[in-house]
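Read the structure below first, then the notes.
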Amino acid sequence: MAVTAKIAPSMLSSDFANLASEAERMLNCGADWLHMDIMDGHFVPNLTIGAPVIESLRKHTKAYLDCHLMVTNPLDYVEPMGKAGASGFTFHVEVSKDNWQELVQRIKSKDMRPGVALKPGTPIEEVYPLVEGENPVEMVLVMTVKPGFGGQKFMPEMMDKVTLPFISCLFLCYFLEVRTLRKKYPSLDIEVDGGLGPSTIEMAASAGANCIVAGSSVFGAAEPANVISLMRKSVNDNQKSS
Ligand SMILES: O=C(CO)[C@@H](O)[C@H](O)COP(=O)(O)O
Ligand SMILES: [Fe+2]
């Protein structure tokens with residue numbers, strides 16, 4: 001079964017003071033999902049939003065809220081996030097090795113879609129049991145930057161001759177992991193997050209990613225709709241030719 005493109009602007013790059021109208025603007029520009037980064041200041045060195053903000057936004061939109069939980073204790077967030085109206089609940093494998101089965105079960109019982117994320121450097125094999133288990137996750141999120149901040153853009157034009165090959169190599173390694181996952185799981189939703197935009201989408205889409213998170217490249221664009229449609233086209237073209 002072919003997977004479909006889901007373009008998810010990361011609201012971390014939006015104007016938080018106008019979250020509802022920023023969300024509407026992105027949906028009008030063609031976004032499929034809205035990516036919500038929940039950070040606890042512990043799992044990552046940054047603090048963002050939590051369930052109260054999701055609850056407030058939910059009053060203004062019916063959109064799919066793709067929540068990425070960068071928190072040390074994801075289990076504590078299931079109940080409040082479910083109540084708040086989150087659609088997807090993606091937790092990190094690095095903090096869920098012992099309780100992922102309970103987590104997945106509870107997420108589903110709150111009518112959310114479970115996903116698992118991994119940081120750069122975490123072996124891809126760690127998510128296999130979660131995809132293959134009796135009660136599997138429905139998405140794998142591969143982080144292509146160190147989690148914690150938006151705007152860590154892959155900008156070839158900004159890099160010197162020494163840094164560029166190094167960074168390019170790192171990116172290629174992440175996308176190699178996406179390729180491995182896609183070969184193993186042809187119909188799984190595979191999301192990539194961090195540094196995605198016009199200059200990196202082809203690498204991600206040709207490796208097999210179909211859910212694309214993009215913050216600064218979309219919010220920083222003069223025409224966000226063009227960036228969203230370019231990324232969708234890249235995913236669709238690569239899916240057709242695979
Ligand atoms: O989870 C994260 C960061 O930890 C992301 O969702 C970023 O918000 C993506 O931002 P860009 O790299 O696309 O600017
Ligand atoms: Fe994210």
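Within segment 189-226, can you find the residues that are aliphatic (A, V, I, L, M) and open to solvent by 20 Å² or more (accessible area, probe 1.4 Å)?
Of segment 189-226, the ones aliphatic (A, V, I, L, M) are 190, 192, 196, 201, 203-205, 207, 209, 212-214, 218, 221-222, 225.
Scanning segment 189-226 gives Met203, Ala221, Ala222, Ala225.
Find all pairs meeting these conditions: Cβ atoms under 8 angstrom apart; at least six residues apart or on different chains; first residue within segment 60-83 and part of a loop (DSSP other than H, G, I, E, B); second residue open to solvent by less than 50 Å² (accessible area, probe 1.4 Å) and of a type in the set (Val, Ile, Thr).
Once the first residue is part of a loop (DSSP other than H, G, I, E, B) and sits in segment 60-83, its partners that are open to solvent by less than 50 Å² (accessible area, probe 1.4 Å) and of a type in the set (Val, Ile, Thr) give Val71/Ile38; Val71/Val95; Thr72/Val95; Asn73/Val95; Pro74/Val95.
Cβ-Cβ distance below 8 Å, separation of 6 or more or different chains: which pairs start in segment 137-150 with a residue that is closer than 15 Å to Val93 by Cβ and within 10 Å of ligand 2 (Cβ to nearest atom) and end on one that is open to solvent by 10 Å² or more (accessible area, probe 1.4 Å) and among the aromatic types (Phe, Trp, Tyr)?
Close Cβ pairs satisfying both conditions: Met143/Tyr174; Pro147/Phe43.
If Glu191 satisfies all but one of (1) modelled with pLDDT of 95 or more; (2) farther than 24 Å from Val71 by Cα; (3) within 16 Å of ligand 2 (Cβ to nearest atom); (4) not aliphatic (A, V, I, L, M), what's the number of the condition it fails?
If we test Glu191 against (1) modelled with pLDDT of 95 or more; (2) farther than 24 Å from Val71 by Cα; (3) within 16 Å of ligand 2 (Cβ to nearest atom); (4) not aliphatic (A, V, I, L, M), just (2) comes out false.
Which residues, taken from segment 44-56, are farther than 18 Å from Val78 by Cβ and away from ligand 1 (no atom under 16 Å from the Cβ)?
Ser56
So that you can scan it fast, the table gives a plain yes or no per residue for (1) surrounded by 15 or more Cβ atoms within 10 Å (Cβ to Cβ); (2) under 19 Å from the mean Cα position of the chain (by Cα); (3) under 13 Å from Ala117 (Cβ atoms); (4) at pLDDT 95 or above:
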site	(1), (2), (3), (4)
Leu57	yes, yes, no, yes
Met81	yes, yes, no, yes
Ala84	yes, no, no, yes
Thr90	yes, yes, yes, yes
Val95	yes, yes, yes, yes
Glu102	no, no, no, yes
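The values are calculated or read from the model by the stated rules, or taken from the named source; none is laboratory data. Predicted, not measured: the structure shown is a model, and the values here were computed from it. Cβ atoms come from the backbone with ideal geometry, glycine included; neighbour counts cover every protein chain shown. To get the accessible areas, we keep the full protein, side chains included, count just its heavy atoms, and leave off ligands, DNA and RNA. Shrake-Rupley method; radii C 1.70, N 1.55, O 1.52, S 1.80 Å.
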